[in-house]
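So the structure is just underneath, and the comments pick up after that.
The values are calculated or read from the model by the stated rules, or taken from the named source; none is laboratory data. Not measured: the values here are computed from a predicted model. As a convention, Cβ positions derive from the backbone with ideal geometry for all residues, glycine included, and neighbour counts pool all protein chains shown. SASA here: full protein model, heavy atoms, side chains in, ligands and nucleic acids out. Shrake-Rupley method; radii C 1.70, N 1.55, O 1.52, S 1.80 Å.
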Amino acid sequence: MALTLFRGLITQSFRLYPSVYVARKHGVLYCCVQTAQGHTATQEKQNTQVKVSTNMGPAKLEEISKNYEAVIGIETHVQLSTLTKAFCSCPYNYGAQPNTSVCPVCMGLPGALPVLNSKVTEYAVKLGLALNCELSLSSKFDRKQYFYPDLPKGYQISQFDIPIASGGYLDVDLPLEFGGGHRKFGITRVHMEEDAGKLLHTGNGNFSQVDLNRAGVPLLEIVSEPDMRTGVEAAEYAAELQRLVRYLGVSNGNMQEGSLRCDVNISIRPVGQLEFGTKVEIKNLNSFSSMSRAIDYEISRQALLHSQGQADQIVLETRLWEEGAQKTVTMRKKEGLADYRYFPEPDLPGVTLTPEYVNEIRNSLPELPEMKRRRYENLGLSMQDVLFLANDINVAAFFDATIATGADVKLATNWIMGDIAAYMKNEKLSVNDIKLTPQELGELIASIKGGTISGKIGKEILFELMAKGGTVEGLIKEKDLVQASFFTLFHELLIIRIVDPAEIEKIIDRVLANNPKQLEQYRGGKTKLQGFFAGQIMKETKGKANPGLLNKILLEKLNSKS
């Protein structure tokens, strides 16, 4: 019924958008914004950008930038993995047809009242505790008012002066290739809010369509302290935040789906100055590497303006990162708090948390990335190993399950970071997609370490297990890898390596008898032929002879005069 009411509605807008209309097409509701000039706000702003001379090389820019210190803070929006939206029962499925998951509440129709999804509060408390924040046992929602075509109500339900969590910090370990080390970045606040819709821009730029599927989807906004100083630190902070929400299970954190969006606030100041410079916000950062490059570019841009006496041209604004051009461009003037005219949300009651509720959630928290890294360090692993294993919660769980079988920690790490990681990368699979189980990897490692199979045979078995599954013992039987004349129980099956000295000696005698000419050359001084004989013996045994035992007996035979 709501869709019928909106059919064919046309309103005249002031300023940027001469016409706005909503219409049905093929059963789907579309809201379109049309401009007479065919220019976007970004394009109009770009025409008035300050021209800065950049006729200097990277070395000169780096030299100029050394005189300034960057001050960086990040506002991160995390889309929560709830079954329904924040204030209504509409589901949200990424990639669904436009305007197919909407209702009067998320469309902002008159008379529709919001009801808070309790999972939003639970996830907010989880993240607040994981970020070492102080929780507000009594908080509230507020209306943040601004006009934009994808905001159907004309305001966003958010939290202003009493966020649900504040005053925390996030521990980050920097990768060794960026100098390593440990950083602690402050968290100003975590608050709950709803998402806006999405504008779908047409190729010719004459009009945009509004998709309200995303309107009302629950978000947590995490605001950091301005504690970062480089693009690398900012990117690693954001990556750790992504890791944290995935460990907690509150969000999938996929940047390509918009589940984790970062807006970077950056200013520079002369080295030694305490006062902050003018802050610039950067949007459209679709990856951590883009974030690092955008920050480095913006630091250079602002430093260059300072050096050319144009510091007054650094204004409070929002800029977009253009990946193709590798530069930031002006998007719009940055709004201030007064522009949003915050006031308490009258349609929602306050949010009250009890100590019992908070403690219940605290006790349910999993082992977080920081705790896991410290535990892995205590196992004797290098920081490079630690960062790799703890980066993905599923890889970490696979590793933990493997060493729980009694497998050697370092060998398990090497197999996972080496052949298993390479296989997953080549096949574009996750650790949950491969057929190998932690139990079988532990079995394989024990077999190699115990000298029952060689590393070469172990690698063949590993790739078979990852591709097709099965068991180590089953593959040994199937591929006839069991030794020919010396048997011992291997979990009620036959062991596969020849370790009987008498059996190896017989094979060596046979190989020497079949190669008298090479034996004579060896005893005549060509000692490099030892490798030839070892190869012939391995060929005879199909690689099953114990290498250490083989070489010891072979050397004794070659050097004997009989």
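Sort largest first and round to whole Å: the equivalent ellipsoid semi-axes of the range 511-561, each the square root of five times a Cα gyration tensor eigenvalue.
Numbers: eigenvalues 67, 27, 15 Å².
So the three semi-axes of the range 511-561 are 18, 12, 9 Å.
Round to the nearest 10 and report in Å² the accessible area of GLU122, as given by a 1.4 Å probe over the protein chains' heavy atoms.
50 Å²
Give the residue from ILE476, SER267, LEU436 lying farthest towards the positive end of the charge dipole for the chain; charges sit on Cβ (+1 for Lys and Arg, -1 for Asp and Glu) and the dipole is referred to the Cα centre.
Checked the options; the winner is ILE476.
Place +1 on the Cβ of every Lys and Arg and -1 on the Cβ of every Asp and Glu in the range 352-391, take the dipole about the Cα centre, and give the residue among MET371, ILE361, PHE388 whose Cα lies farthest towards its positive end.
The one lying farthest along the dipole's positive direction is PHE388.
With all protein chains present and a 1.4 Å probe, how do MET383, MET255 order by accessible area, largest first?
Values: MET383 45, MET255 20 Å².
Ranking MET383, MET255 by accessible area, largest first, yields MET383, MET255.
Top to bottom by accessible area (1.4 Å), largest first, where do THR84, THR352, THR402 land? Please list the in-between numbers first.
Working: THR84 45, THR352 110, THR402 0 Å².
Sorted descending by solvent-accessible area, the residues read THR352, THR84, THR402.
For the range 241-307, what is the accessible area per residue in Å² when the probe is 1.4 Å? All intermediate terms of the calculation are to be shown ahead of the outcome.
On the way: 2440 Å² over 67 residues.
Here the per-residue accessible area is 36 Å².
With each label point set 7 Å from Cα along the Cα-Cβ vector, what nm distance links LYS449 and GLU322?
Simple spin-label model gives 5.7 nm for this pair.
Determine the dipole magnitude for the chain: charges of +1 sit on the beta-carbon of Lys and Arg, -1 on that of Asp and Glu, nothing else is charged, the reference point is the Cα centre, and the result goes in debye to the nearest 20.
The dipole magnitude comes to about 1440 debye.
Along the charge dipole of the range 161-212, which of VAL190, GLY179, LEU212 sits closest to the positive end, that is, farthest toward it, with unit charges on the beta carbon of Lys, Arg, Asp and Glu (+1, +1, -1, -1)?
The listed residue farthest towards the positive side: GLY179.
Helix-derived [θ] at 222 nm for the chain: sum -39500 (n - 2.57) over DSSP H runs of at least 4, divide by residue count, nearest 500?
Using -39500 (n - 2.57) per qualifying helix, the result is -11000 deg cm²/dmol.
Any chance you could tell me what percent of the C-alpha pair distances in the chain go past 41 Å? If you can, show how the numbers build up before the last one.
On the way: 68445 of 157641 pairs.
Roughly 43 percent, rounded to a whole number.
Rounded to the nearest 0.05, what FRET efficiency do TYR169 and PHE463 have when you use their Cβ-Cβ distance and R0 = 60 Å?
Numbers: r = 44 Å, r/R0 = 0.73.
Here the calculated transfer efficiency is 0.85.
Where nothing but the Cβ of Lys and Arg (+1) and of Asp and Glu (-1) is charged, how large is the charge dipole of the range 140-247 around its Cα centre, in debye to the nearest 20? Before the final figure, lay out the partial values.
On the way: 12 positive and 16 negative charges, 62 e Å.
About 300 debye.
Taking the Cα-to-Cβ direction at LYS517 and at ALA112 and moving 7 Å from each Cα, how far apart do the two end points lie in nm?
9.1 nm
Please report how far the C-alpha centroid of the range 213-242 lies from that of the range 502-543, rounded to the nearest whole angstrom.
65 Å
Run the 1.4 Å probe and let me know the accessible area of LEU387, rounded to the nearest 10 Å².
Accessible area, nearest 10 Å²: 40 Å².
Could you grab the Rg to Rh ratio for the range 143-280? Cα atoms only, Kirkwood for Rh. Mind dumping the intermediate values first?
On the way: Rg = 17.8 Å, Rh = 17.5 Å.
For the range 143-280, the value is 1.01.
Could you pull the Rg and Dmax for the range 82-206, using just the Cα atoms, both in Å?
Considering the range 82-206 through its Cα atoms, Rg and Dmax are 18.4, 57 Å.
Measure out, as a whole number of angstrom, how far apart the alpha-carbon centroids of the range 288-343 and the range 63-104 sit.
Here the two parts' Cα centres lie 20 Å apart.
Need the C-alpha centroid separation for the range 371-437 versus the range 127-194, integer Å.
Between the Cα centres of the range 371-437 and the range 127-194 lies a distance of 31 Å.
Can you give me the accessible area per residue for the range 383-437, using a 1.4 Å probe, in Å²? The partial results should precede the final answer.
On the way: 2650 Å² over 55 residues.
Heavy-atom SASA per residue in the range 383-437 reads 48 Å².
Given a 1.4 Å probe and the protein chains all in place, what does the accessible area of LEU379 round to, in Å² to the nearest 10?
Approximately 70 Å² of LEU379 is accessible to the 1.4 Å probe.
Eigenvalues of the Cα gyration tensor times 5, then square-rooted: what semi-axes does that give for the range 320-463, in whole angstrom, largest first? Don't skip to the answer; put the middle values down first.
Working: eigenvalues 413, 126, 38 Å².
They are 45, 25, 14 Å, listed from largest to smallest.
How much of the pair distance distribution for the range 211-336 lies past 24 Å, counting alpha-carbon pairs only, in percent? Could you put the intermediate results ahead of the total?
Working: 2566 of 7875 pairs.
Tail of P(r) above 24 Å: 33 percent of Cα pairs.
If DNA, RNA and ligands are ignored and the probe is 1.4 Å, what is the ranking of ARG375, ARG269, ARG189, ARG362 by accessible area, most exposed first?
ARG362, ARG375, ARG189, ARG269
If you roll a 1.4 angstrom probe over the protein chains with everything in place, what fraction of the accessible area of the chain belongs to carbon and sulfur, to the nearest %?
Details: 14720 of 27780 Å².
The nonpolar share, carbon plus sulfur, comes to 53 percent.
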